[in-house]
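Asks: Input: one structure, supplied below.
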Amino acid sequence: MSRQLTVLLVASDGMTRQITANGLAMYGYEPLTARDGQAAMDHLQANRKVDILVVDADLGGEITGLAVAKAARLINPRIDVIYASRAPHRIPQEAKVKGAPSIRNPYQPQQIVGMISELRYRMPSDGIDRRVA
């Protein structure tokens, strides 16, 4: 039996966090939420296993969404990252972590679930097998 995948959702909008977390739970994921970069870093540095990071690239504050994603990959090289943005095409490729897709805000929970499925079950270009046994 496989374990439930943990998704850390980082979004400043409380409604987005709640709706998306509820949707992820309905699809069988264990959602964690953070309202800003510092809260996200606290989750990432805790003893909990985070498999997937969904982060608002437009996140303001002291720790940006792009910085959270880079730190997450340093903490856990196997973490999958999905960027959300009002203008995802404007995120410079060199600012993103490798292999991380982007989605346009606002999004629906099922869109995130679809992206997670694509990330988790494709053959990765980085050679890291992220499939869950």
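The values are calculated or read from the model by the stated rules, or taken from the named source; none is laboratory data. Since we're looking at a predicted model, the values are computed, not measured. A quick note on method: Cβ atoms are made from the backbone with ideal geometry, for glycine too, and the neighbour counts reach across all protein chains shown.
Asks: Out of 59, 66, report the one residue that is surrounded by 18 or more Cβ atoms within 10 Å (Cβ to Cβ), over 21 Å from residue 3 (Cβ atoms) and modelled with pLDDT under 95.
Replies: Of the residues listed, the single one that is surrounded by 18 or more Cβ atoms within 10 Å (Cβ to Cβ), over 21 Å from residue 3 (Cβ atoms) and modelled with pLDDT under 95 is 59.
Asks: Further question: Search the stretch 104-120 for residues that are in a loop (DSSP other than H, G, I, E, B) and pair each with any residue that is hydrophobic (A, V, I, L, M, F, W, C) when their beta-carbon atoms are under 6 Å apart and the residues are at least 6 apart or on different chains.
Replies: Hits for this filter: 105/84.
Asks: Let me ask something additional. Just to be sure, is residue 86 basic (Lys, Arg) and touching a strand residue (DSSP E or B) at 6+ places or on another chain (Cβ under 9 Å)?
Replies: yes
Asks: Go through the stretch 25-44 and give me each residue that's of a type outside the set (Asp, Glu) and either part of a loop (DSSP other than H, G, I, E, B) or in contact with a Cys (Cβ under 7 Å, 6 or more places away or on another chain) (or both).
Replies: Within the stretch 25-44, 27, 28, 29, 35 meet the criteria.
Asks: When you check residue 51 against the structure, is it among the acidic types (Asp, Glu) and farther than 21 Å from residue 119 by Cα, yes or no?
Replies: no
Asks: Give all pairs with beta carbons closer than 8 Å in which a residue from the stretch 79-93 that is basic (Lys, Arg) meets a residue that is surrounded by fewer than 22 Cβ atoms within 10 Å (Cβ to Cβ); count only pairs at least 6 apart in sequence or on separate chains.
Replies: Matching pairs, first to second residue: 86/58; 86/104; 86/105.
Asks: Also, I was wondering about something else. Only one residue in 69, 84 is assigned to a helix (DSSP H, G or I), within 23 Å of residue 13 (Cβ to Cβ) and not hydroxyl-bearing (Ser, Thr, Tyr). Which one?
Replies: Only one candidate passes the filter, namely 69.
Asks: Name the residues in the stretch 72-81 that are under 15 Å from residue 5 (Cα atoms) and part of a loop (DSSP other than H, G, I, E, B), would you?
Replies: Matches in the stretch 72-81: 76, 78, 79.
Asks: So residue 31 ticks every box in (1) closer than 12 Å to residue 112 by Cβ; (2) in contact (Cβ under 8 Å) with a residue 40 or more places away in the chain but one. Which box is left unticked?
Replies: The failed condition is (2).
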